[in-house]
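The values are calculated or read from the model by the stated rules, or taken from the named source; none is laboratory data. Since the structure is predicted, the reported quantities are computational estimates derived from the model, not experimental observations. Don't worry about glycine lacking a Cβ; one is built from the backbone with ideal geometry, like all the others, and counts go over all protein chains shown. When the accessible area is computed, the model is the full protein with side chains, heavy atoms only, and any ligands, DNA or RNA have been set aside. Shrake-Rupley method; radii C 1.70, N 1.55, O 1.52, S 1.80 Å.
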Amino acid sequence: MRQPFIAGNWKMFKTVHETVVHVKELRSLVKDAQGVDIVIAPPATSLHAAVEAARNSNIAVAGQNCHWEREGAFTGEVSAGMVREAGAEYVILGHSERRTLFAETDLEVQKKVRAALGAGLVPIVCIGETLDQRDRQQTLAVLDQQLQRGLDGATADEVAGMVVAYEPVWAIGTGRNATPEQAGEAHAHIRTRLRSWFGAEAAERCHVIYGGSVKPGNIASLLALSDVDGALVGGASLDVASFGQIVAAAVA
Ligand code: PGA
């Protein structure tokens, strides 16, 4: 049985000070939440402060991105090892904002997945179709390509420990989220693919979470779907109370 996994993607929001204030409030709000993985992904500048503020709590920390090289002349980048050393346990990779705004490719996502695993981080690999691709009935083909390329070279054991986030691009930050039918179809498809590529056990253990305008009001209907193992929450994760309610829905 997969334990629900709720992650907050803060994007480019919150300073170090704001991070510490937020984590202090959040840790008291979710202190009794059991049977759920709670993860927050602050900006790189706040990673270490978030880890310190969350110490001895049930909140884990994720990076939002990393580079695939261990170190080098890559101005503006941070390596997987640096993210890990700052105390993060997870890293979000291939988010659609990285893909569209920063031209990140499937091959780069794959290299980042390798680097993250090598550094001891759990990758949260994001995949999802644009509205245009959905309208052209290309959704499942797009998911196949992003998943297959992103995870290429991974072992069944590695996939078993990973998190895949299905985030339809048209649902991110738009207030429009996938219907349960749309999310259910995509998640079941992803699980089927994981099973045929990496085996039944890896597919059973891998967490497949949904992202895109997840709010306290729609989390329950998403979690009710058998192949939805949690959520990657953007906007609603910036507010402690909303994120706390989403975590609470995953406990219930
Ligand atoms: P949203 O973002 O919840 O604000 O739609 C989700 C994400 O980008 O991971």
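Quick one: net charge of residue 178's neighbours, Cβ under 12 Å, K/R +1, D/E -1? Could the numbers behind the result be given before it?
On the way: positive: 134, 176; negative: 129, 167, 181, 185.
Summing Lys/Arg as +1 and Asp/Glu as -1 gives -2.
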Checklist entry - With Rg and the Kirkwood Rh both taken from Cα atoms, where does Rg over Rh land for the chain? => result 0.93
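Could you please state how large a percent of the accessible area of the chain is carbon and sulfur, counting protein chains only and using a 1.4 Å probe? Intermediate results must be reported in sequence, preceding the final value.
Values: 5850 of 11300 Å².
Carbon with sulfur: 52 percent of the solvent-accessible area.
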Checklist entry - What residue among 216, 123, 42 shows peak mean-square fluctuation when the chain is described by a Gaussian network model with Cα springs under 10 Å? => result 216
Checklist entry - How large is the accessible surface per residue of the chain, computed with a 1.4 Å probe and reported in Å² as a whole number? => result 45
Checklist entry - What value, in deg cm²/dmol to 500, does the helix sum -39500 (n - 2.57) over DSSP H runs of n ≥ 4 give at 222 nm once divided by the residues of the chain? => result -12500 deg cm²/dmol
Checklist entry - Over the heavy atoms of residue 107, what accessible area does a 1.4 Å probe trace out, to the nearest 10 Å²? => result 100
Item to check | Within straight-line cross-link reach of residue 31, lysines at Cα separation under 28 Å, skipping those fewer than 8 residues along the same chain | outcome: 11, 14, 215
Next on the checklist: Compute a Gaussian network model of the chain, connecting alpha carbons closer than 10 Å, and tell me which residue from 143, 101, 117 fluctuates the most.
Outcome noted: 101
Next on the checklist: Looking at the chain as a GNM with Cα springs under 10 Å, which of 165, 80, 241 has the largest mean-square fluctuation?
Outcome noted: 241
Next on the checklist: Please give me the summed charge of the neighbours of residue 210: other residues whose Cβ is under 14 Å from its Cβ, Lys and Arg +1, Asp and Glu -1.
Outcome noted: -2
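Give me the net charge of residue 149's neighbourhood, meaning all other residues with Cβ under 11 Å from the Cβ of residue 149; Lys, Arg count +1, Asp, Glu -1. Intermediate values should be presented prior to the final figure.
On the way: positive: 111; negative: 106, 108, 144, 152.
Summing Lys and Arg as +1 and Asp and Glu as -1 gives -3.
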Checklist outcome for this item: SASA check, residue 215, accessible area w/ 1.4 Å probe, all protein chains in place, rounded to nearest 10 Å², comes out at 90
